[in-house]
């Protein structure tokens, strides 16, 4: 029942220690004992099955549910033994650490992970030292070389697209902006890249591109004057997005433009605005099927669409290829990750900003698995 393992290419400089193999040799004196001690995860004797864990931030957000579906489809096509797990909620680093340690203990070939924060970095290093090939999906860790490679949206570009659209659409108006971010108690690249990309797209000077909230709170954007009313955390969740928007309105009831880290947060913001009898232009990032429908009905004005199924598919395929002695993937030109693409979705195109409509976006929401 022992599963054949594959030594990593010499270029990696890392060869996995095969403690399980030593244990199996010791118990081969007894065929029955050997079968019990060395059985793989349902793999037959001598099989070349590759074992991979997918660890998402949570298992509730439709984005990560879609990612899990994409990974399962790709695993079936590639003959990969896939284990799926998630943190209890976005930001649950301890839950992800436990799942990483489980993958190491099981002697798996690789891990796909959407990191919940820098607290998982040491566990990722431990996995790589044990010989697992670790790929980040959606959220590049900080630093990027914490993992072997990342498949993700260019989150700065995704933020920049909705910022450019907002600046063109609001041109000539003074804007009072609510910034609905992800966290305020940890630094995650997806958070600051979208935030800082959005402000850059608006034509607002940013100071440190890896830090939210350090820009001038008032000044001019490319179309007029601006005031930033708030930077509030949403945890990427609809109820927290509503609460964050309520706090922002308490600080400044004149908000007319809302940036949201993702669509659940943006939808929550729309609920708070409606309850307060207020209207504002809301822009977001993700482009999920629900989000696209909210652009179509006017709840959200625009969103940047990304493709988690594609990220998961490519990640599974990469680990399967590497485990069988194939080549490692290379980063996109000029980036420290592999860019899986983004498109601006809106029913109100702005001059000079490439976009697609909701009918087209609904056909490709979350991406496709070939």
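Observations, loosely collected:
- Selection within the stretch 237-257 - part of a helix (DSSP H, G or I) and touching a residue at least 24 places away in the same chain (Cβ under 8 Å): 238, 239, 240, 241, 242, 243, 244, 245, 246, 248, 249
- Residue 308 fulfils the conditions (1) within 23 Å of residue 363 (Cα to Cα); (2) surrounded by fewer than 23 Cβ atoms within 10 Å (Cβ to Cβ); (3) at pLDDT below 95; (4) touching a strand residue (DSSP E or B) at 6+ places or on another chain (Cβ under 9 Å) except for a single criterion, (2).
- Residues located in the stretch 287-318, provided they are closer than 17 Å to residue 242 by Cβ and in contact (Cβ under 8 Å) with a residue 60 or more places away in the chain: 290, 291
- Flag for residue 122 being modelled with pLDDT under 95 and more than 30 Å from residue 267 (Cβ to Cβ): no
- The residue that is surrounded by the fewest Cβ atoms within 10 Å (Cβ to Cβ), counting only those in the stretch 53-72 that are outside any helix (DSSP H, G or I) and in contact with a helix residue (DSSP H, G or I) (Cβ under 8 Å, 6 or more places away or on another chain), is 59.
- The single residue among 277, 326 that is free of Cβ contacts under 8 Å to residues at least 12 places away in the same chain and farther than 30 Å from residue 242 by Cβ turns out to be 326.
- With respect to the stated conditions, residue 43 fails to be at pLDDT 95 or above and either farther than 14 Å from residue 315 by Cα or touching a strand residue (DSSP E or B) at 6+ places or on another chain (Cβ under 7 Å) (or both).
- Residues in the stretch 201-223 that are farther than 29 Å from residue 144 by Cα and either at pLDDT 95 or above or surrounded by fewer than 13 Cβ atoms within 10 Å (Cβ to Cβ) (or both): 217, 218, 219, 220, 221, 222.
The values are calculated or read from the model by the stated rules, or taken from the named source; none is laboratory data. Quick caveat, the model's predicted, so the values are computed rather than measured. Positions of Cβ are generated from backbone atoms using ideal geometry, with glycine treated the same way; all protein chains shown enter the neighbour counts.
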